[in-house]
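Comments concern the structure below.
The values are calculated or read from the model by the stated rules, or taken from the named source; none is laboratory data. Fair warning: this is a prediction, and the values are worked out from it, not measured in the lab. Here the Cβ is made from the backbone with ideal geometry for all residues, glycine too, and neighbour counts use every protein chain on show. Keep in mind that these areas ignore ligands, DNA and RNA; they rest on the heavy atoms of the full protein, side chains included. Shrake-Rupley method; radii C 1.70, N 1.55, O 1.52, S 1.80 Å.
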Amino acid sequence: MKKSNFWYGLVSSTMGAGLIVLGFFWNTPVSSLMCGCGGALLGPGLVQLWKYRKWTRPENADTYRERLEQEQIDLRDERKNMLRDRSGRYAYVFGLMLCAVSILTFHLLEALGIVEETAARLVVLYLAAYLIIQYIAGFTVYRWLSKKY
């Protein structure tokens, strides 16, 4: 395992612990956000340090080498590439549909007076902009890949 994995884990864990401590002792409106981000950095950092320690032991060197070889085979497998591409496409289409349904739902809630008008209008405008950006990005990436290949 590369030494950069160790440093990533160490820096991530240190920053996460620092944010958690800062969030607990510095009482601001964003203290809970600092604690959340600290946990989001601390957890993966500790896991990375644990993995580094596990895979750099001499008794695990052969197993780690086999895992790397299998990972390289899996990354180059055409069937798995096709499945990853297809799953990405399905997730993209599902996201577009979910965004469109959310726009309709918030607009309906606004029309019925269940949600405050300005809040619902902001959410609808944000989701509409997101939907348009997603569609344009998907179309642009498809055209770029078509020209490239």
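What to note about this one:
- Sorting 14-22, 2-10, 73-81 by average packing, meaning the other beta carbons within 10 Å per residue, from highest down gives 14-22, 2-10, 73-81.
- Between residue 92 and residue 132, the modelled label-to-label distance comes to 2.0 nm, taking each label 7 Å out from Cα in the direction of the beta carbon.
- Compared with the direct C-alpha span, the chain from residue 73 to residue 122 gains 12.9 nm at full extension, assuming 0.36 nm per residue.
- Apportionment of accessible area to carbon and sulfur, region 38-149, percent (1.4 Å): 64 percent
- Normalising the average separation of contacting C-alpha pairs (under 8 angstrom, six or more residues apart) by the number of residues puts the relative contact order of the chain at 16 percent.
- Qualifying GluC sites (Glu not before Pro) for region 87-149 [loop in DSSP, other Cβ within 10 Å: at most 10]: none
- Between residue 82 and residue 17, the modelled label-to-label distance comes to 4.9 nm, taking each label 7 Å out from Cα in the direction of the beta carbon.
- Hits among lysines - C-alpha to C-alpha of residue 3 under 26 Å, sequence gap 8 or more where chains match: 51, 54
- Its Cα centre serving as origin, the chain has a Cβ charge dipole (Lys and Arg +1, Asp and Glu -1) of approximately 660 debye.
- The value for the chain of Rg(Cα) / (2.2 N^0.38 Å) is 1.55.
- Principal-axis analysis of the Cα atoms of the chain puts helix 117-148 at an angle of about 60° to the longest axis.
- Between 0 and 90 degrees, the angle of helix 3-25 with respect to the longest Cα principal axis of the chain falls at about 50 degrees.
- Residues of the chain: accessible area per residue with a 1.4 Å probe, Å²: 79 Å²
- Centre separation in Å (Cα based) which lies between region 85-140 and region 1-30: 34 Å
- Length-normalised contact order of region 1-64 in % [C-alpha pairs under 8 Å, at least 6 apart]: 41 percent
- In the chain, helical runs assigned H by DSSP with n ≥ 4 each contribute -39500 (n - 2.57); averaged across all residues and rounded to the nearest 500, the mean residue ellipticity at 222 nm is -31000 deg cm²/dmol.
- Between 0 and 90 degrees, the angle of helix 31-55 with respect to the longest Cα principal axis of the chain falls at about 30 degrees.
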